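The values are calculated or read from the model by the stated rules, or taken from the named source; none is laboratory data. No experiment lies behind these values; they were computed from the predicted model shown. Please note: Cβ atoms are built from the backbone with ideal geometry, for glycine as well, and neighbour counts cover all protein chains shown.
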Amino acid sequence: MIRLRLAAVMFVGLTLFFASKLCAQESFTLEQVLGAPFTADLVAAKNVNRVAWTSNQQGMRNIWVAEGPNFTARQLTSYQQDDGIELSQLRFSADGNYVVYVRGEGQDSAGDYANPTSNPVGQEQTVWAISWNGGAPVKIDAGTAPTVSAQGRVAYARSGELWMSTLKEDEKPKQIVVRGKNRPVEWSSDGTRLLLVTNRGDHSFIGIYDVNAQTVKFLAPSVDTDKNPVWSPDSQRVAFVRQPAVPRDTPDGYFIEPDRPHPWAIWVADVDSTVAREIWHSGNALQDSFPYMSEDTGGGVVRWEADNRIVFASEADGWQHLYSISADGGAAKLLTAGNCEVEEWSFSPERNTVYFNSNCGDIDRRHVWSVGVDGSGLRQWTGGKGEAGIEWDPVALGGNRDLFYIASDPTHPGRVFHSTLSENHAATEISSTAWESQFPADKLVVPQPVIFHSVDGYEIHGQLFLPKDLKPGDKRAALIFLHGGPMRQMLLGWHYMYYYANAYAMNQYLANRGYVVLSINYRSGIGYGRAFREAPGRAGRGASEYQDVVAAGKYLQTRADVDGQRIGLWGGSYGGFLTALGLGHNSDLFAAGVDFHGVHDWPADNWEGKHIPPDLVQLAHDSSPVSAVSTWKSPVLFIHGDDDRNVMFSQTVDLVARLRAQGVYLEQLIFPDEVHDFLLYSSWEKGYAAGANFFDRKLGPPQK
């Protein structure tokens, strides 16, 4: 009898599996939609009409370049394997004749380099240079964070140490000995002095290394944390950020600590005397806190530009905006305004204009703007009424004649565009289009904007992907996508980050298979102001954003085209955390889930040694998926790389053990030596294929 029942179960399972494969009528494959190149790292030379960028197509990462006046794209490097070796941090030499770049992922806390191919020889992170004319790249040394001087010296960091070499092949690298964890920042205009930051644990200094004198001096050293230094245009002064010291028993840990202000100030130091003074300081309210998001944009928290103006970012009005102030002090001037956020910015070679992207006037997209550093001439260059494009990474060439940026739309991933800075500024795509003949752009759907409300009144924005073959009367299985971060915003088109460009492709693929897919921007994310991003009770302080996930599920249940009994969840990292919360707390609402490298127990994830009071540790545990294992009924697929440097692999090990003890059905796909943001294209493809297959089997054929 037992054997007969087992055979019957296997038969039903196999029948359901093959039925789902038959009913999920794909008009394109996962490889077709996931295999398009991802474009990033757009940079412009300062003194010649040249631009460069990176392209990652199916794991083959290469540098592409273009030169005026025609700006025809050509491939500069020829890496031809999905080897998991990142390519990033592009820098031009002063004359524009070399591109310096970094290959490889950085070290973890133990000093190990990522090695996703399990290469017995091992991996490292290295600095390279390649001539503008092509040829074989030259390895400069192991390291990261290169900066190139006017004389062709290359400074870089290696395991927290400062090193220096040149673009010449026969030059032997030498170490610049400075105690602490060090990072080079920028060369002086004449190339004789190097600006650096040295981290000493509970404080940090701004230093200057003099190449000729071979000396290091520090600018106004204190017990505080000094960072984000920039030269004045004449390299006689330095502006930097100072954050005041805090008591050592202050709770530390972003996802657990109570919200508290993080005040900061801008200081200016004289290079010769090393004497510094404060020219501006923030208030002490929460929204006056240091704008930590701006450190990730590449624009810089502070920049010293033309007319002795310092441009900086602040959230003083509740949104991340740009301000400028005289380097001699005085009142700060708001350069951008409105209930919208500035995200990335760069400056013209003349240093008098800032180019930025923001969601001003189009909250769920990004467009390119410019404004003078004195606040004059605010102008929008891309986007407009009825346009569905998304634009980012703006850079301009000298003379304010040519603007470049990366742009996507709902049916095309990011590509490089060139526009003249004139009244008739029609844009032209300049990146390679060879891949487009195999790309299913005409078969993709245009996500619809939706807005719904959580039970406690938060307005939640989402993007709804409806299958093209959806017919009146259909009741489809539905999936909710939950992004990571959590400081991210999903958009109404192809995303500007590699991780989420892949996720967008996956959502298109799932819709193509017949699922109704809803991607949501839950509280804690960017794009909707600081109050939304820093909402009370989030993360390990109550997981208040989970209410937005429940609201999304209930919204889908109200739709006539959704089968309310077949709603699944999928997401990665923080999205994995919310996926696991949903399956644990509401298996009645969420029938299955795919959890990519999720956080499952806040106190167990890198909080050792942090000063967290016991009551907050308990609250964090109670806000975690592990606290809801007893009510977890829905099946789940866990996907994780065991060299994850963002979310400890033990998070998945622990939760799997707990669920097994409860008899919960689970599957796992583990990638040995893979990191958090998968380095191998094959890992993404295998992970997404497994996720789609899991939903087909556990939710049933999406079209029925």
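Determine whether Val65 is within 16 Å of Ile140 (Cα to Cα), part of a strand (DSSP E or B), in the same structural domain as Thr126 (by TED's automatic domain parsing) and touching a strand residue (DSSP E or B) at 6+ places or on another chain (Cβ under 6 Å).
Details: within 16 Å of Ile140 (Cα to Cα): no; part of a strand (DSSP E or B): yes; in the same structural domain as Thr126 (by TED's automatic domain parsing): yes; touching a strand residue (DSSP E or B) at 6+ places or on another chain (Cβ under 6 Å): yes.
So Val65 fails the test.
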Going through region 653-675 in order, the residues found to be surrounded by 21 or more Cβ atoms within 10 Å (Cβ to Cβ) and not charged (D, E, K, R) are Leu655, Leu659, Phe671, Val675
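Pick from region 160-182 the residues that are surrounded by 14 or more Cβ atoms within 10 Å (Cβ to Cβ) and in contact with a Gly (Cβ under 8 Å, 6 or more places away or on another chain): which of them is farthest from Thr225 (Cα to Cα)? Show your work before the answer.
Step one: filter region 160-182 for residues surrounded by 14 or more Cβ atoms within 10 Å (Cβ to Cβ), giving 160-167, 171, 173, 176, 178, 180-182.
Retained after the next criterion (residues that are in contact with a Gly (Cβ under 8 Å, 6 or more places away or on another chain)): 160, 163, 166-167, 178, 180-182.
Numbers: Gly160: 17, Trp163: 23, Thr166: 31, Leu167: 33, Val178: 17, Gly180: 13, Lys181: 13, Asn182: 14 Å.
Restricting to residues being surrounded by 14 or more Cβ atoms within 10 Å (Cβ to Cβ) and in contact with a Gly (Cβ under 8 Å, 6 or more places away or on another chain), the top hit is Leu167.
Yes/no matrix, rows are residues, columns are (1) closer than 22 Å to Asn424 by Cα; (2) of a type in the set (A, V, I, L, M, F, W, C):
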residue: Leu335; (1), (2): no, yes
residue: Phe347; (1), (2): yes, yes
residue: Phe356; (1), (2): yes, yes
residue: Ile363; (1), (2): no, yes
residue: His367; (1), (2): yes, no
residue: Thr382; (1), (2): yes, no
residue: Ala388; (1), (2): yes, yes
field: Condition check for Asn212: surrounded by fewer than 21 Cβ atoms within 10 Å (Cβ to Cβ) and either on the phi > 0 side of the Ramachandran plot or in a loop (DSSP other than H, G, I, E, B) (or both)
entry: yes
The residue that is nearest to Asp95 (Cα to Cα), considering only those in region 6-60 that are modelled with pLDDT under 90 and β-branched (Val, Ile, Thr), is Thr15
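Just a yes or no: is a residue in region 94-110 basic (Lys, Arg), surrounded by fewer than 21 Cβ atoms within 10 Å (Cβ to Cβ) and at negative phi? Break it down into steps so the answer makes sense when it comes.
Going through region 94-110, the residues basic (Lys, Arg) turn out to be 103.
Filter once more, keeping what is surrounded by fewer than 21 Cβ atoms within 10 Å (Cβ to Cβ): none.
For region 94-110, residues basic (Lys, Arg), surrounded by fewer than 21 Cβ atoms within 10 Å (Cβ to Cβ) and at negative phi: absent.
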With the first residue restricted to region 239-250 and required to be on the phi < 0 side of the Ramachandran plot, and the second required to be outside any loop (DSSP other than H, G, I, E, B) and small (Gly, Ala, Ser), Cβ contacts under 6 Å at 6 or more apart or on different chains are Arg242/Ala265
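How many of the residues making up region 218-240 are more than 18 Å from Trp304 (Cβ to Cβ) and either buried (at least 16 other Cβ atoms within 10 Å of the Cβ) or among the hydroxyl-bearing types (Ser, Thr, Tyr) (or both)? Steps first, answer last, please.
First pass over region 218-240, keeping only residues more than 18 Å from Trp304 (Cβ to Cβ): 218, 221-225.
Now narrow it down to the ones that are either buried (at least 16 other Cβ atoms within 10 Å of the Cβ) or among the hydroxyl-bearing types (Ser, Thr, Tyr) (or both): 218, 221-222, 224-225.
Number satisfying all stated conditions: 5.
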In region 405-454, anything of a type in the set (Phe, Trp, Tyr) and more than 14 Å from Glu391 (Cβ to Cβ) is listed as Trp435, Phe439, Phe452
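Only one of Ser630, Ser623 is surrounded by 16 or more Cβ atoms within 10 Å (Cβ to Cβ) and more than 27 Å from Gly111 (Cα to Cα). Can you tell me which?
On the way: Ser630 fails: surrounded by 16 or more Cβ atoms within 10 Å (Cβ to Cβ).
Sole residue among the options that is surrounded by 16 or more Cβ atoms within 10 Å (Cβ to Cβ) and more than 27 Å from Gly111 (Cα to Cα): Ser623.
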Note on region 364-387: residues touching a Ser or Thr at 6+ places or on another chain (Cβ under 9 Å), assigned to a loop (DSSP other than H, G, I, E, B) and surrounded by fewer than 21 Cβ atoms within 10 Å (Cβ to Cβ) are Asp374, Gly375, Gly377, Leu378, Trp381
Residues of region 304-350 being within 21 Å of Phe532 (Cβ to Cβ), in a strand (DSSP E or B) and either without any contact (Cβ under 8 Å) to a residue 12 or more places away in the chain or touching a Phe, Trp or Tyr at 6+ places or on another chain (Cβ under 7 Å) (or both), in sequence order, are Ser314, Leu322, Leu334, Val342, Glu344
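From the list Val178, Val100, Val154, which residue is touching a strand residue (DSSP E or B) at 6+ places or on another chain (Cβ under 6 Å) and in a loop (DSSP other than H, G, I, E, B)? Steps first, please.
Working: Val100 fails: in a loop (DSSP other than H, G, I, E, B); Val154 fails: in a loop (DSSP other than H, G, I, E, B).
Criteria check complete, one pass: Val178.
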If we keep only residues of region 639-652 that are among the aliphatic types (A, V, I, L, M) and either within 17 Å of Gly691 (Cβ to Cβ) or in contact (Cβ under 8 Å) with a residue 60 or more places away in the chain (or both), then the residue surrounded by the most Cβ atoms within 10 Å (Cβ to Cβ) is Ile639
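Quickly run through region 512-534 and pick out the residues that are of a type in the set (A, V, I, L, M) and crowded, with 24+ Cβ neighbours inside 10 Å.
Just the residues of region 512-534 that are of a type in the set (A, V, I, L, M), to begin with: 516-518, 520, 526, 531.
Those that are of a type in the set (A, V, I, L, M) and crowded, with 24+ Cβ neighbours inside 10 Å: Val516, Val517, Leu518, Ile520.
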With the first residue restricted to region 617-638 and required to be touching a residue at least 24 places away in the same chain (Cβ under 8 Å), and the second required to be of a type in the set (S, T, N, Q), Cβ contacts under 6 Å at 6 or more apart or on different chains are Val629/Gln662; Lys633/Ser587; Ser634/Ser587; Phe638/Thr652; Phe638/Gln668
Output for Cβ contacts, cut-off 8 Å, separation at least six or different chains, first residue among the β-branched types (Val, Ile, Thr) in region 90-108, second not in a strand (DSSP E or B), reads Val99/Leu76; Val99/Ser93; Val99/Trp132; Val100/Ser93; Val100/Leu167; Val102/Glu86; Val102/Gln125; Val102/Gly143
Counting only residues in region 187-200 that are closer than 21 Å to Glu295 by Cα and touching a Pro at 6+ places or on another chain (Cβ under 8 Å), the one surrounded by the most Cβ atoms within 10 Å (Cβ to Cβ) is identified as Leu196
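Could you run through region 435-452 and say how many residues are of a type outside the set (Val, Ile, Thr), over 23 Å from Glu31 (Cβ atoms) and touching a strand residue (DSSP E or B) at 6+ places or on another chain (Cβ under 6 Å)? Before you say what the answer is, go through the steps one by one.
From region 435-452, those of a type outside the set (Val, Ile, Thr) are 435-444, 447-449, 452; that's our starting set.
Remaining after also requiring over 23 Å from Glu31 (Cβ atoms): 448-449, 452.
Filter again for touching a strand residue (DSSP E or B) at 6+ places or on another chain (Cβ under 6 Å), leaving 448, 452.
Adding up the residues that qualify gives 2.
How many of the residues making up region 138-159 are closer than 19 Å to Tyr113 by Cβ, surrounded by 15 or more Cβ atoms within 10 Å (Cβ to Cβ) and not hydroxyl-bearing (Ser, Thr, Tyr)?
Start the filter on region 138-159 by keeping residues that are closer than 19 Å to Tyr113 by Cβ, which leaves 139-146, 156-159.
Subset that is surrounded by 15 or more Cβ atoms within 10 Å (Cβ to Cβ): 140-146, 156-158.
If we keep only those that are not hydroxyl-bearing (Ser, Thr, Tyr) too, we end up with 140-143, 145-146, 157-158.
Summing the residues that are closer than 19 Å to Tyr113 by Cβ, surrounded by 15 or more Cβ atoms within 10 Å (Cβ to Cβ) and not hydroxyl-bearing (Ser, Thr, Tyr) in region 138-159 gives 8.
On the given criteria, is Ser544 surrounded by fewer than 24 Cβ atoms within 10 Å (Cβ to Cβ), modelled with pLDDT of 95 or more and either over 27 Å from Ala690 (Cβ atoms) or in contact with a His (Cβ under 8 Å, 6 or more places away or on another chain) (or both)? Working first, answer last.
On the way: surrounded by fewer than 24 Cβ atoms within 10 Å (Cβ to Cβ): yes; modelled with pLDDT of 95 or more: yes; either over 27 Å from Ala690 (Cβ atoms) or in contact with a His (Cβ under 8 Å, 6 or more places away or on another chain) (or both): yes.
In short, yes.
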Among Ile256, Ile266, Ile279, the single one that is in a loop (DSSP other than H, G, I, E, B) and either β-branched (Val, Ile, Thr) or assigned by TED's automatic domain parsing to the domain that holds Arg538 (or both) is Ile256
Heads up, the strands (runs of 3 or more DSSP E) in region 589-704 (entirely inside) with at least 3 residues that are farther than 17 Å from Gly572 by Cβ and either in the same structural domain as Val562 (by TED's automatic domain parsing) or not hydroxyl-bearing (Ser, Thr, Tyr) (or both) are none
